[in-house]
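Undergrad: One structure, as structure tokens, below. Some questions next.
The values are calculated or read from the model by the stated rules, or taken from the named source; none is laboratory data. Everything numeric in this text was worked out from a predicted model, so none of it was measured. No Cβ is skipped: glycine too gets one built from the backbone with ideal geometry, and neighbour counts run over all protein chains shown. Please note that ligands, DNA and RNA were not included when accessible areas were found on the heavy atoms of the full protein model with its side chains. Shrake-Rupley method; radii C 1.70, N 1.55, O 1.52, S 1.80 Å.
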Amino acid sequence: MSSVFLALLALPSLAIAYTWKFDSPPQQCSNLTVSVSGSDGKPPYRILILPFGPSPLKDNIEARTIIDQPFPDGATSVSFQLKYPANSQFVAVVSDSTSFGSGGTSGAVEVASSSDSSCFDATQNVSPKFFYNILPLNQIVQCVSTRIWWDNTTVVGNTNFLGVIPGGQSFTIPQSALTNVASEGTGFSWVPPIRGGTPLIIVGGDSRGNGTAGSTLYTVSSGPDNVGTCLSDASPSSTPGSPAGGTYATTTATSSSGSGTNVGAIVGGVVGGVVALVAIGLIFLFFVRRSRDNQSKEKKIVDLLNADEGDESPAGAGTRQRNELPEYYQPQPFTVPDPTTASTYDEEDGMISEGRPLSGYTTTSRSGTPDILSAYGGGSTTTGGGRKGQMRSMRPVNIIQHDDAGPSGPPKPAEDELETVELPPAYTNIRH
């Protein structure tokens, strides 16, 4: 409880008695002039410049150092060289003899470019003169005890630690009794009376000046239990309204507030969004088109006898229609003679004695297809441009037609032995 009371006593008053401003925009390697106005300040004044944000140099080389610049005795202005590269940022805190941060804290100030770059080494990282650590590791939790410790062999004189809230209030971190822990070093415990979500820069120093241990930016956490017993109306926070320091550049444009519009980021975001939408549209069209192509390539029934559908000829004489067999494969009817009737063949007129044409004989034939009569020694065939020849004599043939119900009757006797030809059943008596 006593540590919380000491912390509240160390906080600056919410009412700022004097103001300060940059007389000219901060520029790389140029002189920066700061002036104080108001009669309520108590000289001597002092300004603390803290690097803020990442380094703009190649390979993230950190060439910026903490500047702890006192004002001349009794003076209300000071001028010094700003050894920061262009496009980098910093936070400034002005104090008087009464307390640290009594003049207020600026927001993040951006450094403008200049033709002079000789004030810093862009190839070498800078390093603090000693280091400090905190527990819990790398986090500040609202109203939860935090231990700040260091290696006492690297310190000159007494240590001091400062809390800086960009654009808000800054204060001195009160030190309770120092303790030595074998695995850590020398340090003290502090309960941060700061609300969760507040950005906080912790600055360490010793007798050589403020910032000799460097600075670290944290965001205060509310913690899993959101303990708020240490909070009050006097708890440090960001100050409503414009930060201290007057009007200065925060990005590429000048603004009186601690924030500005990053035009490059907005343009980049819009362009990236448009490109992403176009890419998504092209991918969608690709899949739609491929789906249509797959549908048009469905399997078709293979027709081995017919040509392609596009090769069909129009209906008419002398043309073959779809699903019509070629000429050589069209069926030829076979007329079966009555097995109970004797018949003879007349060579002169090519007729059977019953008056019916011989079933195997025809006067016309399909071109190139042998006639049935040829196989049985019949006469010659005649084609459209046909060859003519002497018909050979027919020998007697006994034709037996098998009925569906059994064998036919015995053939009639003949003087000469007849050749027997057996035919398969005609199945003419089948009824459906």
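Undergrad: Ordering Thr19, Thr229, Thr216 from largest to smallest accessible area (1.4 angstrom probe), what's the sequence?
TA: Thr229, Thr19, Thr216
Undergrad: Around Pro70, with a cut-off of 15 angstrom between Cβ atoms, what is the net charge of the other residues, counting Lys and Arg +1 and Asp and Glu -1?
TA: Taking every other residue near Pro70 into account, the sum is 0.
Undergrad: How far apart, in nm, are two points set 7 Å out from the Cα along the Cα-to-Cβ line at Thr186 and at Leu285?
TA: Rounded to a tenth, the inter-label distance reads 7.3 nm.
Undergrad: With a 1.4 Å probe and all protein chains kept in place, how do Val155, Val288 rank by accessible area, largest first?
TA: Val288, Val155
Undergrad: Give the calculated FRET efficiency between Thr154 and Ile266 to the nearest 0.05, with a Förster radius of 45 Å applied to their Cβ-Cβ distance.
TA: 0.50
Undergrad: Under a 5 Å amide H to amide H cut-off, with H placed in plane at 1.01 Å, what residues pair with Trp20 once short-range neighbours are removed?
TA: Amide H to amide H, under 5 Å and 5 or more residues apart or across chains, Trp20 pairs with Ser37, Gly245.
Undergrad: Among residues other than Arg195 whose Cβ falls under 15 Å from its Cβ, what is the net charge (Lys/Arg +1, Asp/Glu -1)?
TA: -2
Undergrad: Amide H neighbours of Asn160 under 5 Å, at least 5 residues apart or on other chains, H built in the peptide plane: list them.
TA: Amide H to amide H, under 5 Å and 5 or more residues apart or across chains, Asn160 pairs with Gly205, Asp206.
Undergrad: Something else: Can you work out the FRET efficiency for the pair Thr179 and Ser99, with r the C-beta to C-beta distance and R0 = 35 Å, to the nearest 0.05?
TA: After rounding, the FRET efficiency stands at 0.85.
Undergrad: Which shape class, rounded, prolate or oblate, goes with segment 33-183 when its Cα gyration tensor gives a ≥ b ≥ c as root eigenvalues, a/c under 1.5 marks rounded, and past that a/b bigger than b/c marks prolate?
TA: oblate
Undergrad: Please compute the net charge surrounding Ile148, taking Lys and Arg as +1 and Asp and Glu as -1 over other residues with Cβ under 14 Å from its Cβ. Please report the intermediate quantities before stating the final value.
TA: On the way: positive: Arg147; negative: Asp151, Glu184, Asp206.
So the environment of Ile148 carries a net charge of -2.
Undergrad: Suppose each label sits 7 Å from its Cα in the direction of the beta carbon; what would the Leu137-Val421 distance come out to in nanometres?
TA: Here the modelled spin labels are 10.9 nm apart.
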